[in-house]
Amino acid sequence: MRHMISWVRNIVQEPVRKGQGVVEHARDTAAKTVDHLAALTQLFCVEMQEYAEVQGRRAAQLALAVVLLLSAYMLVLALAAVLLAPCIGWPLALGALALLNLLAGGLLLLAFRKGKPGPPAPETRLEIQKDVQCLKILLNGEEKR
């Protein structure tokens with residue numbers, strides 16, 4: 001943060017060189033600001049690309065897991081129905097399995113809703129927060145050390 005404060009202070013307090021007008025000084029300041037924003041944009045793009053790759057892998061893994069689990073689950077349900085039917089009858093066996101499915105599905109949905117990924121672009125957010133802090137310090141005229 002100290003680096004950012006000195007960078008901004010240098011821009012704001014940079015003396016106008018002899019022969020350099022206010023317009024040229026403003027252009028120079030604007031160019032440095034644009035360079036800084038371009039660097040933040042590049043950081044944001046890299047982070048978004050990484051985030052997209054991670055989320056894409058997670059989505060593919062989730063899809064494959066769902067297909068495998070559904071097929072195995074159907075086989076287990078069929079086996080359970082066949083094993084329970086001679087003891088309690090087909091209608092009661094299928095009803096009991098349906099209730100267990102509803103309970104398990106509800107619990108899984110609750111667990112899924114709790115696990116949320118973090119916000120995208122954490123580094124960019126941090127850099128922008130630092131920039132805002134530096135500008136506030138500079139505008140207030142007091143440097144926190």
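The values are calculated or read from the model by the stated rules, or taken from the named source; none is laboratory data. Predicted, not measured: the structure shown is a model, and the values here were computed from it. For neighbour counting, all protein chains shown are included, and Cβ atoms are generated from backbone atoms with ideal geometry for every residue, glycine included. These area figures cover heavy atoms from the full protein model, side chains too; ligands, DNA and RNA do not enter into them. Shrake-Rupley method; radii C 1.70, N 1.55, O 1.52, S 1.80 Å.
Of the GluC sites (Glu not before Pro) found in the range 41-145, those in coil by DSSP whose Cβ has at most 10 other Cβ atoms within 10 Å are Glu142.
Computed extension gain for Ala39 through Leu84, at 0.36 nm per residue and net of the alpha carbon distance, reaches 9.7 nm.
Counting only the heavy atoms of the protein chains, how much of Val66 is accessible to a 1.4 Å probe, in Å² to the nearest 10? About 70 Å², rounded to the nearest 10.
The equivalent ellipsoid of the range 22-69 has semi-axes of 46, 5, 4 Å, largest first, where each one is the square root of 5 times an eigenvalue of the Cα gyration tensor. For the pair Val76 and Ala26, the difference between a 0.36 nm per residue extended length and the Cα-Cα distance amounts to 10.7 nm. What the phi angles of the range 63-71 give under the Karplus curve with 6.51, -1.76 and 1.60, with θ = phi - 60°, is a coupling list of 4, 5, 4, 5, 4, 5, 5, 5, 5 Hz, glycine and proline written as x. Working note: Karplus 6.51/-1.76/1.60 with θ = phi - 60° gives the range 44-61 the couplings 4, 5, 4, 5, 5, 5, 4, 4, 5, 5, 5, 5, x, 4, 4, 5, 5, 5 Hz, where Gly and Pro are set to x. Surface composition of the range 42-121: carbon plus sulfur atoms contribute 79% of the solvent-accessible area (1.4 Å probe, protein chains only, all chains present). In terms of overall dimensions, the C-alpha atoms belonging to the range 55-145 reach 84, 23, 17 Å along their principal axes, ordered largest to smallest. Computed from backbone phi, the HN-Hα couplings of the range 88-98 come to 10, x, 4, x, 5, 5, 5, x, 5, 5, 5 Hz, rounded to whole numbers (Karplus: 6.51 cos²θ - 1.76 cosθ + 1.60, θ = phi - 60°; Gly and Pro given as x).
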